[in-house]
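Let me begin by presenting the structure, written as structure tokens, before commenting on it.
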Amino acid sequence: MADDYTDRMQQTLLNGQGLPEMMVELGFSDAVVTQISLADIHGNTQKSLLKIEAYLTSLMTVRKKLIEVATYPIILLTFLVLIMLGLKNYLLPQLEEGNLATSLIANFPMIFLGTLALLAMAALGLYIYSLRQSRIALASRLSRMPLLGPYVKLYLTAYYAREWGNLIGQGVDMAQIVQLMQGQKSLLFQEIGKDMESGLMSGRDFRQKVLDYPFFLRELSLMIEYGQVKSKLGKELEIYAEEAWETFFSKLTRATQLVQPLVFIGVALVIVMIYAAMLLPIYDNMGGYL
């Protein structure tokens, strides 16, 4: 695997292409490729690579934690479905009277599998719908969602604050920045660049234009104003971006820790239904004899 990557990197360089094209060839995301492409422009390639490494390391940590948290509940749910199938075929036929619990047990496998199928179809439908939307419209809708919205805002705010801070810190003016944005691989980067260019040409300044995007935190506009007043906009944006990244990964880690307890609560409710299905008919029969 390592030799394959090395060969592909060498071939990219032999073709006269640069580091961004190499990252595309290796399968890195548009977000990473865009950061490297901008680093070629503002000159802080080493610094950008270190930040990308920290970002990917944090992302891998969260992803690993999520897999660890989700693995055991998924196995537990699988065994639970199998138990339900067994109860449906062997226990329920022996019960003379049915109740709500027995009805739920009888239909639980179909309900569970049907729910998974509906979720899969909904996810596919949303993905197809997203492909037909502009990136700005899609990011705006995602940022307004009750649970997902805060994470989208934090991520995009941290990402763009860092890239703008790097470019401004190297003396690149906003007219050049919006032009550079339109030439990047990320579609959202391109659309924001075009939209900001039209806004700047109509007389609006950078801070005011940022307020038009609901997927950025309101604090970003305040930090831009603060940096412009101090004449240290690039530095202030970089500092703010680092704090936003820390907040983003901290919240993401806490969110992953909620997954397992919620699944366990659902499993516990199903187990209670099983006991109710088995014991309620017995208690009813005992009441009849008393």
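Just so it is clear, none of the values below were taken in a lab; they were calculated from the coordinates. Quick caveat, the model's predicted, so the values are computed rather than measured. Using ideal geometry, Cβ is built from the backbone for each residue, glycine included, and neighbour counts are taken over all protein chains shown.
Note on the chain: Kirkwood radius taken over Cα pairs, Stokes-Einstein applied at 25 °C and 0.890 mPa s, translational D equal to 106 µm² s⁻¹.
Of all aspartates and glutamates in the structure, those lying under 18 Å Cα to Cα from Lys185, and not within fewer than 8 positions of it along the same chain, are Glu21, Glu25, Asp30, Asp40, Glu163, Asp195, Glu197.
Farthest towards the positive end of the charge dipole of the chain, among the residues Leu138, Pro20, Leu118, is the Cα of Leu138, using unit charges on the Cβ of Lys, Arg, Asp and Glu.
This model, with +1 at the C-beta of Lys and Arg and -1 at the C-beta of Asp and Glu, gives the chain a dipole about its Cα centre of some 500 debye.
Annotation: the residues Tyr226, Tyr275, Tyr213, sorted from fewest to most other C-beta atoms within 10 Å of their own C-beta, follow the order Tyr275, Tyr226, Tyr213.
Quick one: in region 149-253, what % of C-alpha pairs are over 20 Å apart?
Here the tail beyond 20 Å accounts for 35 percent of pairs.
Only one residue of Leu222, Trp245, Met174 has its Cα farthest out toward the positive end of the dipole of the chain, where Lys and Arg carry +1 and Asp and Glu -1 on Cβ, and that residue is Leu222. Using Cβ point charges alone (K and R +1, D and E -1), the dipole size of region 149-253 about the Cα centre works out to roughly 60 debye. FRET efficiency for Thr71 and Leu118, Cβ-Cβ distance as r, R0 = 30 Å, nearest 0.05? FRET efficiency, Thr71 to Leu118: 0.80.
Could you tell me which of the pairs Lys51/Lys230; Lys194/Lys251; Lys65/Lys235; Lys65/Lys194; Lys194/Lys230 are separated by over 30 angstrom between their Cα atoms in the structure shown?
With Cα atoms farther than 30 Å apart: Lys194/Lys251; Lys65/Lys235; Lys65/Lys194.
Find the relative contact order for region 149-253 and round it to a whole percent, using C-alpha pairs within less than 8 Å whose residues are 6+ positions apart. Intermediate values should be presented prior to the final figure.
Numbers: 116 pairs, mean separation 43.2, N = 105.
Normalised by residue count, the contact order of region 149-253 is 41 percent.
With neighbour counts taken as other beta-carbon atoms within 10 Å, the residues Trp164, Trp245 rank, fewest first, as Trp245, Trp164. With neighbour counts taken as other beta-carbon atoms within 10 Å, the residues Thr71, Thr12 rank, fewest first, as Thr71, Thr12.
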